[in-house]
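Here is the structure we will look at, set down as structure tokens.
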Amino acid sequence: AAKEQGRDRVAVYSPGMTDLVNERMELENGLRRALEREEFVLHYQPQTDAATGRLVGMEALIRWESPERGRVAPDRFIPVAEESGLIAQIGSWVLRTACRQNREWQCMGLPKVTVSVNISVLQLKRRPFVEEVQSILKETGLSPQYLCLEVTESVAFRDEAIMEVLGQLTALGIRIAIDDFGTGYSSLSLLNRMPVHILKIDRSFISGLPEQPSSVVQAIISMSHHMDLAVVAEGVETEEQLELLRLLGCDEIQGYYISPPLPPERFVRFLSGIESA
Ligand code: C2E
Ligand code: MG
Ligand code: MG
Ligand code: MG
């Protein structure tokens, strides 16, 4: 059926199209209800220091546990949330929940780490975003130094208004990471002017290592360091990859080799097993 061929496929008129449109509408309605029925949860994936192995942060990743559909992957519903405008509410929920949870764990005396939250470009375009972040930090009591916002590399980085928002967030003491670096459109000159602190190398550059030549990864790391950016490697799955990235001077590691994203109760256990630095 057409709907099984994925949303990127160019649609040619067919009886299956009605199914696609219906499926889209059902998904959107389901998302609308999911907020009220509290069907979203955040999972947390550890991020470690490449040199020492010490836990330095965690990325919050949304999960939708739908009673009707089972678990729906974010790659499937985030685009629908963006197109329908629901991302504003979902994004607020994610940010508030991640900040609250991190603060709670800190108050329990667990090691203090940074929480990274994925932000859709559409959230940055909504006028009061900076104020919203400020009020969430105030409400939850989380210090801005323990919050990092991940923005996917895209044409948005050519948008002056968005750059200004990122600058304001930076001024608050929040860190900004460019997500999925290497898949988008950033030019080097642009990168140099951007108010960002961290660059996350997309998984597609890591998955071929160590068999594939590491020259691109090496270039990204050295370029980042020249611009005073810290580098996080995404999707690290093997010890060989970790070793190579360490040799190349990569700063932080995230991937199944360290741990998959964990539900909160399991992440707490992960945190508890770690000595404070
Ligand atoms: P992302 O921000 O690049 O997140 C990394 C994705 O890679 C996650 O997929 C994670 O589970 C997966 N991953 C981590 N380590 C490995 C590994 O070693 N191997 C492989 N194969 N995969 C790994 P996930 O959780 O399905 O999320 C997919 C995307 O959905 C995210 O990509 C992000 O763009 C988006 N997303 C997730 N949560 C949120 C959210 O709260 N808000 C927004 N706006 N987007 C979100
Ligand atoms: Mg991310
Ligand atoms: Mg990524
Ligand atoms: Mg992504």
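Out of the residues in region 202-225 that are within 16 Å of ligand 2 (Cβ to nearest atom) and hydrophobic (A, V, I, L, M, F, W, C), state the one that is surrounded by the most Cβ atoms within 10 Å (Cβ to Cβ).
Restricting to residues being within 16 Å of ligand 2 (Cβ to nearest atom) and hydrophobic (A, V, I, L, M, F, W, C), the top hit is Ile206.
If you check Phe205 against the conditions, is it within 16 Å of ligand 4 (Cβ to nearest atom) and either among the acidic types (Asp, Glu) or at pLDDT 85 or above (or both)? Break it down into steps so the answer makes sense when it comes.
Details: within 16 Å of ligand 4 (Cβ to nearest atom): yes; either among the acidic types (Asp, Glu) or at pLDDT 85 or above (or both): yes.
The answer is yes for Phe205.
Do we find a residue being crowded, with 18+ Cβ neighbours inside 10 Å and either part of a strand (DSSP E or B) or within 14 Å of ligand 2 (Cβ to nearest atom) (or both) anywhere in region 157-169?
no
Are any residues in region 247-277 among the β-branched types (Val, Ile, Thr) and at pLDDT 95 or above, and if so, which ones? Steps first, answer last, please.
Let us first name the residues in region 247-277 that are among the β-branched types (Val, Ile, Thr), namely 253, 258, 268, 274.
Of everything in region 247-277, those that are among the β-branched types (Val, Ile, Thr) and at pLDDT 95 or above turn out to be Ile253, Ile258.
Of the residues that make up region 152-173, is at least one within 16 Å of ligand 3 (Cβ to nearest atom), under 21 Å from Arg103 (Cα atoms) and modelled with pLDDT of 95 or more? Give the derivation first.
Taking region 152-173 first, the residues within 16 Å of ligand 3 (Cβ to nearest atom) are 152-154, 156-157.
Next, only the ones that are under 21 Å from Arg103 (Cα atoms) stay: none.
No.
For region 44-101, how many residues meet the condition of being among the charged types (D, E, K, R) and farther than 26 Å from Val130 by Cβ?
As a first pass, look at region 44-101 and keep what is among the charged types (D, E, K, R): 49, 54, 59, 63, 65, 68-69, 71, 75-76, 82-83, 96, 100.
Okay, now just the ones that are also farther than 26 Å from Val130 by Cβ, so 49, 54, 63, 65, 68-69, 71, 75-76.
So the answer is 9.
For region 131-139, indicate whether the set of residues that are farther than 17 Å from Gly57 by Cβ, of a type in the set (Asp, Glu) and in contact (Cβ under 8 Å) with a residue 24 or more places away in the chain is non-empty.
Taking every residue of region 131-139 in turn, at least one turns out to be farther than 17 Å from Gly57 by Cβ, of a type in the set (Asp, Glu) and in contact (Cβ under 8 Å) with a residue 24 or more places away in the chain.
Out of the residues in region 115-141 meeting the condition of being surrounded by fewer than 18 Cβ atoms within 10 Å (Cβ to Cβ) and within 16 Å of ligand 1 (Cβ to nearest atom), tell me which one is modelled with the lowest pLDDT.
Residue satisfying both the conditions and the ranking: Arg126.
Between Leu199, Leu172, Leu191, which is under 17 Å from Ile221 (Cα atoms) and more than 16 Å from ligand 2 (Cβ to nearest atom)? Spell out how you get there, then give the answer.
Numbers: Leu199 fails: more than 16 Å from ligand 2 (Cβ to nearest atom); Leu172 fails: under 17 Å from Ile221 (Cα atoms).
Being under 17 Å from Ile221 (Cα atoms) and more than 16 Å from ligand 2 (Cβ to nearest atom) holds for just one of Leu199, Leu172, Leu191, which is Leu191.
Kindly list the number of the only condition in (1) surrounded by fewer than 19 Cβ atoms within 10 Å (Cβ to Cβ); (2) among the acidic types (Asp, Glu); (3) within 25 Å of Gly255 (Cα to Cα) that fails for Glu38.
Unmet for Glu38, out of (1) surrounded by fewer than 19 Cβ atoms within 10 Å (Cβ to Cβ); (2) among the acidic types (Asp, Glu); (3) within 25 Å of Gly255 (Cα to Cα): (3).
Tell me which of these Gly255 doesn't satisfy, since it passes every other one: (1) small (Gly, Ala, Ser); (2) buried (at least 19 other Cβ atoms within 10 Å of the Cβ); (3) touching an Asp or Glu at 6+ places or on another chain (Cβ under 9 Å); (4) more than 21 Å from Thr52 (Cβ to Cβ).
All conditions are met except number (4).
Give the residues of region 175-210 that are in a loop (DSSP other than H, G, I, E, B) and either within 11 Å of Glu150 (Cα to Cα) or away from ligand 1 (no atom under 16 Å from the Cβ) (or both), sorted by residue number.
Within region 175-210, Tyr185, Ser187, Met194, Pro195, Val196, His197 qualify.
Could you grab me the full set of residues in region 230-250 that are within 16 Å of ligand 3 (Cβ to nearest atom) and over 17 Å from the mean Cα position of the chain (by Cα)?
Step one: filter region 230-250 for residues within 16 Å of ligand 3 (Cβ to nearest atom), giving 230-237, 241, 245, 250.
Correct list: Glu237, Gln241, Leu245, Cys250.
The values are calculated or read from the model by the stated rules, or taken from the named source; none is laboratory data. Note that this is a predicted model, so its numbers are computed, not measured. Reconstructed Cβ throughout: ideal geometry from the backbone, glycine too, with neighbour counts over all protein chains shown.
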